[in-house]
Amino acid sequence: MIYSPTHDNLRSYGTSLLARLLAQAAAERSALTYGRAATALEAGAPFTKIFSTEMGVPAGNLMNRIHEHYPHVPLLNVLLVRQDTRYPGNGAGGFLAQWFGKEALANKDVWKDRPKFWSKYCDRAITEVYSFEDWDKIINDVFGPGAMPAPVVPQERDGSAGGEGEPHKRLRLWATANPGAIDPRYAGYKAFTEVPLLSGDRVDVVLRGPEETVCVEVKSYTSNLADLERGLYQCIKYQAVAAAMDARRDAPVRTILLTQTKLPGHLSDLAKLHRIATKQVPEVAREN
């Protein structure tokens with residue numbers, strides 16, 4: 001059965017799965033954006049389209065249910081975060097205010113009006129969640145045993161097994177031959193493909209200008225959502241490694257995620273947060 005995302009249905013059929021997803025994020029010392037959580041519930045519960053703003057409903061419900069049984073357990077719901085700030089939004093304010101005894105945390109839009117105050121207590125709450133070691137026991141006790149949905153494997157849908165698919169190769173070679181089409185500033189840069197880094201990674205395309213280095217990760221139209229997300233994290237890694245390899249203290253290194261499909265909002269926000277440039281290329285890159 002597929003559920004409509006009413007508040008009652010989100011509480012009844014979304015809370016348990018969201019709790020398990022957040023517990024998994026805690027074990028990985030990561031977080032779950034509203035958009036990504038909504039996508040996971042749509043696939044795993046399953047629900048019809050969930051607007052990310054509705055995710056506060058199961059988030060608040062899961063924390064209330066946990067505290068009914070274990071009132072001294074940290075605030076797991078703070079790992080459900082906004083795409084732009086990577087901190088929770090208004091919905092977590094009441095929980096944080098009660099937890100830390102700071103009434104101002106419950107004020108509407110305090111996350112926006114007093115960002116340093118908000119981040120201070122969010123960081124403390126997140127650290128407590130990461131340090132707590134019994135999430136599996138807590139989740140099973142409160143919500144009963146349950147299975148996590150199978151993870152979505154990053155892949156290109158071209159039938160290649162472990163190697164580079166033809167659409168990816170065409171896009172990589174197009175980017176190497178057309179740096180000015182990626183950005184006019186790079187028109188005179190020298191372009192290289194499959195460039196090794198000392199981390200053992202190979203960058204799809206590296207553009208070298210008079211002063212700066214630009215690492216380009218390409219994702220063709222065959223990449224699924226998980227592969228696009230992986231591409232962003234590859235860019236973050238490449239930027240750090242390439243900068244570390246550069247002898248200059250403040251190495252001018254940029255990274256770009258070059259795609260043939262439009263990034264969803266939560267990935268665009270993730271890119272902006274980490275200062276990763278993104279570019280969707282024209283259709284002509286498919287044929288060249």
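Every read-out reported here was derived from the displayed coordinates using simple, explicitly stated rules and does not represent laboratory data. Quick caveat, the model's predicted, so the values are computed rather than measured. Virtual Cβ from ideal backbone geometry, glycine too; neighbours counted across all protein chains shown.
Assorted remarks:
- So residue 271, is it without any contact (Cβ under 8 Å) to a residue 60 or more places away in the chain and under 21 Å from residue 52 (Cα atoms): yes
- Every residue from segment 173-192 that is under 23 Å from residue 263 (Cβ atoms), without any contact (Cβ under 8 Å) to a residue 40 or more places away in the chain and in contact with a Lys or Arg (Cβ under 7 Å, 6 or more places away or on another chain): none
- Selection status of residue 222, touching a residue at least 24 places away in the same chain (Cβ under 8 Å), in contact with an Asp or Glu (Cβ under 9 Å, 6 or more places away or on another chain) and among the hydroxyl-bearing types (Ser, Thr, Tyr): yes
- The single residue among 258, 228, 197 that is within 22 Å of residue 85 (Cβ to Cβ), touching a residue at least 12 places away in the same chain (Cβ under 8 Å) and aliphatic (A, V, I, L, M) turns out to be 228.
- Only helices (runs of 4 or more DSSP H) whose full extent lies in segment 7-111 are considered here, and the ones with at least 2 residues that are without any contact (Cβ under 8 Å) to a residue 60 or more places away in the chain and farther than 30 Å from residue 275 by Cβ are 56-69, 93-100.
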